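**Student:** The structure's right below; bear with me while I get my questions together.
The values are calculated or read from the model by the stated rules, or taken from the named source; none is laboratory data. Keep in mind the model is a prediction, meaning the values are calculated, not measured. Note that each Cβ is placed from the backbone with ideal geometry, even for glycine, and that neighbours are counted across all protein chains shown.
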Amino acid sequence: MSDEEAGGAEFVREGNRLKVKGELRPEDETRYSEELSALVNSGQFSLDLDLTELDYVNSSYVGATSLAVLMAKQSRKEVTVIAGSRVARVLKMVGLDQMTRVEAVGE
């Protein structure tokens, strides 16, 4: 049974993109941070974080995302966060769009 089938999040890395599917639960926080770190530490310089299949992110995930963006910028990498309108609105409310590109889809 996959994490998603068990009710958790699924993380899919393809090249410079990390796609997060399912529901991010508190027990997924460590894995989310690890996956973001692996993306930032990859050999890619243009990174995409695809959150389009999420309906909600809590403050822990917003913080982990912000930290990953800062780490990427320190390595001279660019991050684009692609999210549904609801999640993108939250990310913009906390100022993530001042740090990196946040694209809202489905508005």
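**Student:** Could you grab the pairs with beta carbons closer than 8 Å, sequence gap of 6+ or different chains, first residue in segment 70-89 and under 21 Å from ASP55 (Cβ atoms), second one basic (Lys, Arg) and surrounded by fewer than 17 Cβ atoms within 10 Å (Cβ to Cβ)?
**Tutor:** THR80/ARG101; VAL81/ARG101
**Student:** Next question. From the list LYS21, LYS77, exactly one residue is charged (D, E, K, R) and within 13 Å of the chain's Cα centre (by Cα). Which is it?
**Tutor:** Just one listed residue meets the conditions, LYS21.
**Student:** Which one of THR80, THR100 is crowded, with 20+ Cβ neighbours inside 10 Å, modelled with pLDDT of 95 or more and not aliphatic (A, V, I, L, M)? Steps first, answer last, please.
**Tutor:** Numbers: THR80 fails: crowded, with 20+ Cβ neighbours inside 10 Å.
Just one listed residue meets the conditions, THR100.
**Student:** Could you list all residues from segment 38-54 that are out of contact with any helix residue (DSSP H, G or I) (no Cβ under 6 Å at 6 or more places or on another chain), of a type outside the set (Asp, Glu) and surrounded by 15 or more Cβ atoms within 10 Å (Cβ to Cβ)?
**Tutor:** Result: LEU39, GLN44, LEU49, THR52.
**Student:** Follow-up question, since we're still on this one. Pick from VAL12, VAL105: which is of a type in the set (A, V, I, L, M, F, W, C), in contact (Cβ under 8 Å) with a residue 40 or more places away in the chain and surrounded by fewer than 15 Cβ atoms within 10 Å (Cβ to Cβ)? Write out each step before concluding.
**Tutor:** Values: VAL12 fails: in contact (Cβ under 8 Å) with a residue 40 or more places away in the chain.
The unique qualifying residue is VAL105.
**Student:** If we scan segment 65-72, do we find a residue that is within 12 Å of the chain's Cα centre (by Cα), surrounded by 14 or more Cβ atoms within 10 Å (Cβ to Cβ) and under 19 Å from GLY8 (Cβ atoms)?
**Tutor:** Step one: list which residues in segment 65-72 are within 12 Å of the chain's Cα centre (by Cα), which gives 65-69.
Still in the running and surrounded by 14 or more Cβ atoms within 10 Å (Cβ to Cβ): 65-69.
After this cut, where a residue has to be under 19 Å from GLY8 (Cβ atoms) as well, the list is 65.
Yes, because at least one residue in segment 65-72 is within 12 Å of the chain's Cα centre (by Cα), surrounded by 14 or more Cβ atoms within 10 Å (Cβ to Cβ) and under 19 Å from GLY8 (Cβ atoms).
**Student:** Just to be sure before I move on: is VAL57 of a type in the set (Val, Ile, Thr), crowded, with 17+ Cβ neighbours inside 10 Å and either modelled with pLDDT under 95 or farther than 24 Å from VAL105 by Cα (or both) in the structure I sent?
**Tutor:** yes
**Student:** Here is a list: GLU103, GLU35, GLU53. Which entry is of a type in the set (D, E, K, R), in a loop (DSSP other than H, G, I, E, B) and in contact with a strand residue (DSSP E or B) (Cβ under 8 Å, 6 or more places away or on another chain)?
**Tutor:** Details: GLU103 fails: in a loop (DSSP other than H, G, I, E, B); GLU35 fails: in a loop (DSSP other than H, G, I, E, B).
Going through GLU103, GLU35, GLU53 in turn, the sole match is GLU53.
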